[in-house]
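Scroll down for the structure; my scribbles are underneath it.
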Protein chains: 2
Amino acid sequence: MVTIKDVARHAGVAPSTVSYVLSGSRKISDETRAAVRAAIDELGYHPRASARTLRRARSEVLVLAVPREPGKYRAVDGRFAIDIGDTARELGYDLLLMTDPDGVRGLTRVARSGLADGAVLMAVRERDPRVAALRKHGFPAALVGHGDESEGDDPPWVDLDWAAAAGLAVREAVAVGHRRIAYWASADHEFAARNGYALRGLAGAEAAARASGAELVVRRSTVDPEALRARLAEVLTARPRPTALLVQHLIPLPLLLEEIAALGLRVPDDLAVVLVGSLPDEAVPRMLPRIELPVGRMAQAAVRLVVDAVEGAERTAGDHELIAPRMADGPPVAAPDG
Amino acid sequence: MVTIKDVARHAGVAPSTVSYVLSGSRKISDETRAAVRAAIDELGYHPRASARTLRRARSEVLVLAVPREPGKYRAVDGRFAIDIGDTARELGYDLLLMTDPDGVRGLTRVARSGLADGAVLMAVRERDPRVAALRKHGFPAALVGHGDESEGDDPPWVDLDWAAAAGLAVREAVAVGHRRIAYWASADHEFAARNGYALRGLAGAEAAARASGAELVVRRSTVDPEALRARLAEVLTARPRPTALLVQHLIPLPLLLEEIAALGLRVPDDLAVVLVGSLPDEAVPRMLPRIELPVGRMAQAAVRLVVDAVEGAERTAGDHELIAPRMADGPPVAAPDG
DNA sequence: AACGTCAGTCGAATCGATTCGACTGGGTTC
DNA sequence: GAACCCAGTCGAATCGATTCGACTGACGTT
């Protein structure tokens, strides 16, 4: 195992000199630097992360907390994990994936052991115990998504502007002539948990409908396939029937499309379908007009926010980034009576 | 920042005694142990990971190498990342997510810096440079998936038995009466890369078809939507036309289903569709008969293999786990002429 | 020639936990 | 009562890099 001493001996200098060559924090003559560099290459030296971390009290590692209900998997979490890993690496940090079902215990352990310097939290709930635990330890954090309402000392967060996104979907539909529009909102349990995106998305759709004078038929989604089919059938067999369906709860999208087909309706001729908050690069959503969840931008913003906090930029608590929605490239919203 | 010295002072013992209480590696009297425990709780002490790692030369961290083509995202990677994180934690390890596009550089850095003790490699290619790099550093590793052929000193791996899986799909179709079966194999570029699952899956399907006397029509898939539609249309408009379609390339599944519908064929009445290697818990696949990729079991096996290597169990190189396929719970394969 | 300056380098302390050998005092043995 | 043993605890060395103060010559100044 090659250490800084081996390099120093090999180059004929003191260990501290090697360290200064590596960090560049003191002037070193060109010859010495060259000799040290050569020794490093020849011996294949790489500093021990643990020794450096111990001394500097900085690990250059971030932790991503993915809340996990055993047996359940949300595709969006995996997607964010990859993108956040990419971004962290670009800023010089490695990413630790924390999939503790509890979350508080795992995060506390990582924070107190100094394994990571900061945390990105996915799927933050209102009054999330993880946020409280991290604050108690003064551990830098950034949130992906934000709760119902934020207090002054909440960690910084990034989120899609769900109200604007739903509103945009409504306006796009109205713009091509739809007057009776169905909004397929988040699932019951998401409203029960007072998830920010669920509440804000629905509110945004309703506000936009009021402003444009269109009639909005709202249904909450559910994870129960039978109930889902029944609710959708009820909406789509009403007379007069909505000519557009805006879908925010995308997990059961294939089921919805299947039920639409089973009711004898063709998309988009009989029913325009618009997606709100779909993941990029997924095959089914790409066939439809949609507002995508900007995973890449959100990942970047979240990592930047926590890195700022770690590296002690000016006060960042209360800082946040609300991303404006836009229609993704793809098919336009179809006009009614097509 | 609470250290072991603070705990020792608070409990009126030496730091080494605190360490022994924590590790249990020496006898400690009940009173002393209780006093130390109390001090730890009271002060909220947690050992510094860096100090422990420095001393023990063991970090209790594994690294997951996810190869990454910039801008591309494979849902299967995110899914494995979460499950591997779960399993690692159960065995006492944290998981570092490495999404370096290069892979070799990132892994080398992690290995030589002692940031992690072992690696799990996703999407291993034949003669993968990452495997060579890790071997050079004597870094423990386990692979998810395996290459075309393995040499004696390859790292241990885990994989679905793709030949058996494809064979099982063929036999299931034959068992309910299908005689003319189409096999939608992996994409061109996967064969070009000589990916193990692509080669073995196809070979397994062909062998099972020969053995059962059924006629097998093979087409390779592609990522180009237009070419995909054309190839599928050609297969499904042939006379006589196949009555079953076995799909191994699942990424464009929605496109395939759409094209099938566009050709006026109903699933499963006109065409039985069977999936080979679908991800668990995804909505579209669950509506069809299928052989799932056992992500959980594979994650468990991969982590166990690398942990065995890290903890220096007997020689594990060449060790591996080939998982037998089975039909997932769900709709049965439909009979032809239904 | 004496002194100050400065670039470049070195030595030693330090981060916090682990671990080995050594020590202590109460109990056992003959 | 001397010799021995053992359970339980302590002290000090150690892991490898960083960083601060101090040192050394070479050079410039007067």
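Every number here is computed from the coordinates shown, using simple stated rules; none is lab data. Computed from a predicted model, the values in this text were never measured in an experiment. Positions of Cβ are generated from backbone atoms using ideal geometry, with glycine treated the same way; all protein chains shown enter the neighbour counts.
The table that follows gives values for the structure above.
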| quantity | calculated |
| --- | --- |
| Cross-link reach list, aspartates and glutamates versus A:Lys27, counting only Cα pairs under 13 Å and skipping chain neighbours closer than eight places | none |
| Reduced Cα scattering model of the range B:11-111, Debye log10 I(q)/I(0), q = 0.12, 0.16, 0.20 Å⁻¹ | -0.60, -0.82, -1.03 |
| Sparsely packed trypsin sites (Lys or Arg not before Pro) within the range B:1-85, loop by DSSP, other Cβ within 10 Å at most 15 | B:Arg26, B:Lys27, B:Arg58, B:Lys72 |
| GNM flexibility winner over chain B from B:Leu96, B:Leu62, B:Leu160 (Cα, springs under 10 Å) | B:Leu96 |
| Radius ratio Rg over Rh of chain A, counting only Cα atoms, Kirkwood formula for Rh | 1.13 |
| Fraction of antiparallel bridges per DSSP, the protein assembly as shown only, in percent to nearest 5 | 5 |
| With at most 15 neighbouring Cβ atoms within 10 Å, loop GluC sites (Glu not before Pro) (DSSP) excluded, longest segment of chain B | B:152-310 |
| Centre separation in Å (Cα based) which lies between the range B:213-263 and the range B:1-30 | 67 |
| Reachable lysines, given that their alpha-carbon falls under 25 Å from the alpha-carbon of B:Lys72 and they are not under 8 places away in the same chain | A:Lys72 |
| Cα point-scatterer Debye curve for the range A:220-338, base-10 log of I(q)/I(0) at q = 0.16 Å⁻¹ | -0.81 |
| Area projected by the alpha carbon convex hull of the protein assembly as shown, averaged over all directions, nm² | 34.9 |
| Chain A - share of DSSP beta bridges that are antiparallel (%, nearest 5) | 5 |
| Cα-derived Rg over Rh, computed across the range A:162-292 with Rh taken as Kirkwood radius | 0.92 |
| Radius 15 Å from Cβ of A:Ala182, net charge of other residues (Lys, Arg +1; Asp, Glu -1) | +2 |
| Using a 7 Å Cα-to-Cβ projection, B:Met327 label spacings across copies, nm, ascending | 4.6 |
| Residue of A:Leu64, A:Leu257, A:Leu115 that the Gaussian network model of chain A assigns the largest fluctuation, springs spanning Cα pairs under 10 Å | A:Leu257 |
| Pairwise Cα inverse-distance average, inverted: Kirkwood Rh of the range A:100-185 (Å) | 15.2 |
| Average beta carbon contacts from partner chains per residue of A:92-105, 10 Å cutoff | 4 |
| Gaussian network model of chain B, Cα within-10 Å springs - most flexible of B:Gly312, B:Gly12, B:Gly204 | B:Gly12 |
| Separation of alpha-carbon centers, the range B:34-58 and the range B:152-208, rounded to whole Å | 51 |
| DSSP-assigned coil residues among trypsin sites (Lys or Arg not before Pro) in the range A:104-157, each with at most 13 further Cβ atoms within 10 Å | A:Arg127 |
| Straight-distance crosslink candidates among aspartates and glutamates, where the alpha carbon sits under 16 Å from A:Lys136 and sequence neighbours closer than 8 are dropped | A:Asp117, A:Asp128, A:Glu151, A:Asp153, A:Asp154, B:Asp41, B:Glu42 |
